[in-house]
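The values are calculated or read from the model by the stated rules, or taken from the named source; none is laboratory data. What you see is a predicted model; the values in this text were computed from it and never measured. Positions of Cβ are backbone-derived with ideal geometry, glycine not excepted, and every protein chain shown enters the neighbour counts.
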Amino acid sequence: MNSWGALWGCCGANEGASVDANGRPIKALGYGPGVSLDEEIEVQTRAPKVLGFPTFSSIPEQPLRGVPIREGGLWHLSSQDRFEPVNFSLYVNGFAFSNTDGLEVSVSLSPFSLVRNCRFQSGACAQLKSFKVSLLDHDPCCYFAVRSVSERDAEEERSEWVLGISHTILLIIDSLLPPFSVSCDPLPHVSLTQRRLVAGYLIHRDDAGTVSVLFCELHAHSGDSARFIFYENEACTNPIMDILISITSVCCDVVGINCSCFNVDHHFFAAQTPSERKLWLRALSNMKVKLQNRAPTPEPEELLHYRDAIREHIRAVEAALEPRISSDALLMLAPRKAMQTVGDGDLDPPSAEPMGDFDLPLVKNTLNL
């Protein structure tokens, strides 16, 4: 048997290298030359590359990083129907503002912070171009407004502030997630992943003060439910929690400018980008449609069709990704939370017959994406 290192070149598949039935080269896992394929599989199953999962603090009292990336004057709602001028500074992980009385406020944002345009129905504030920043778990919301001689100028300035704040939130999310592309292909030697439709890293809201980075995997439905499984990492050797998706499950987005958050029942998640959130929600929505129509459990050939459709959307998501800016997490590490299993709590592989060869040629899309 050839050594694993000989099967994969630095820039792609060499002539004679191993590829799957779709022509994709089989990549090395990086255990070094001289290790046979069987030994490689055994090592991968026995010892995942990373143990555990990171948990971060999401409290708003964390120090702001670096120097302001934008500064300017805004109006802050300090009491009912009353705005006062403040000096506002936007940082890479939050914002700060101070009023004429010397009061200073500093707020670090989290992956589940939201920014939205808003409007007051009456009073003096109704004439202002307003927006609010909410922290999901921490009240109250912070209301700000732009006042300008020209309504058009005020609208443009508000838009710049709102987009700047939403970009900061996405930077925080990006800094916490490892570099990994969403996948729809199961791991060949991990039986629990054989019904995978979509998998990737998401940020999970643990409670009001912490978030964790988990590897999440949506399975195709079986009977009257589907499973949303969470692992420590992409090796998928240690499942830690699952949610059963049924016809009564609530799967929806969270409303905000450039927001990448969504919720499944009582669980909140943040994807790397809004387009990736859309991919997860479409997959979940299509799953619910199949459950509502009592669609039969898909056979291996049908799973191939589903993945073919999903793969096209994954490519679109990857094409829209921007280069990573921060190499360090923009939130402080926190003690890891204990995860409680949701649903039936049965994380053993399905008892159905083996799924067969997943490298069969893909045929026409039958998943309504």
All but one of (1) surrounded by fewer than 17 Cβ atoms within 10 Å (Cβ to Cβ); (2) touching a residue at least 12 places away in the same chain (Cβ under 8 Å) hold for SER150, so report the exception by its number.
(2)
Search region 196-224 for residues being touching a helix residue (DSSP H, G or I) at 6+ places or on another chain (Cβ under 7 Å) and within 21 Å of SER285 (Cα to Cα), and hand back the single one that is surrounded by the most Cβ atoms within 10 Å (Cβ to Cβ).
ILE203
Scan region 287-326 residue by residue and report those that are closer than 14 Å to SER222 by Cα and either of a type in the set (S, T, N, Q) or assigned to a helix (DSSP H, G or I) (or both).
MET287, LYS288, VAL289, LYS290, LEU291, GLN292, ASN293, THR297, PRO300, GLU302, LEU303
Inside region 185-205, can you point out the residues that are at pLDDT 95 or above and in a loop (DSSP other than H, G, I, E, B)?
ASP185, PRO186, LEU187, VAL190, GLN194, ARG195
Do you know which of the residues in region 243-301 that are of a type in the set (Phe, Trp, Tyr) and within 16 Å of PHE112 (Cα to Cα) is surrounded by the most Cβ atoms within 10 Å (Cβ to Cβ)?
PHE269
Could you run through region 98-138 and say how many residues are hydrophobic (A, V, I, L, M, F, W, C), within 30 Å of GLN272 (Cβ to Cβ) and in contact (Cβ under 8 Å) with a residue 40 or more places away in the chain?
7
In region 260-316, what count of residues is obtained for those that are β-branched (Val, Ile, Thr) and within 12 Å of the chain's Cα centre (by Cα)?
1
If a residue must be in a strand (DSSP E or B) and either of a type in the set (Gly, Ala, Ser) or free of Cβ contacts under 8 Å to residues at least 60 places away in the same chain (or both), how many such residues does region 261-281 contain?
4
Subset of region 91-124 (residues that are aliphatic (A, V, I, L, M), more than 14 Å from LEU330 (Cα to Cα) and not in a loop (DSSP other than H, G, I, E, B)):
ALA96, VAL105, LEU114, VAL115, ALA124
Scan (1) within 24 Å of VAL317 (Cβ to Cβ); (2) in contact (Cβ under 8 Å) with a residue 40 or more places away in the chain for the single condition SER246 breaks and write down its number.
(1)
Residue list for region 192-226, filter: farther than 21 Å from ARG311 by Cβ and either without any contact (Cβ under 8 Å) to a residue 60 or more places away in the chain or basic (Lys, Arg) (or both):
ARG205
Can you tell me how many residues within region 163-180 are surrounded by 14 or more Cβ atoms within 10 Å (Cβ to Cβ) and over 16 Å from TYR91 (Cβ atoms)?
2
Would you be able to tell me the number of residues in region 172-188 that are closer than 13 Å to LEU202 by Cα, free of Cβ contacts under 8 Å to residues at least 60 places away in the same chain and either out of contact with any Asp or Glu (no Cβ under 7 Å at 6 or more places or on another chain) or acidic (Asp, Glu) (or both)?
1
Taking the residues in region 44-63 that are more than 23 Å from the chain's Cα centre (by Cα) and within 24 Å of LEU333 (Cβ to Cβ) as candidates, determine which candidate is modelled with the lowest pLDDT.
ALA47
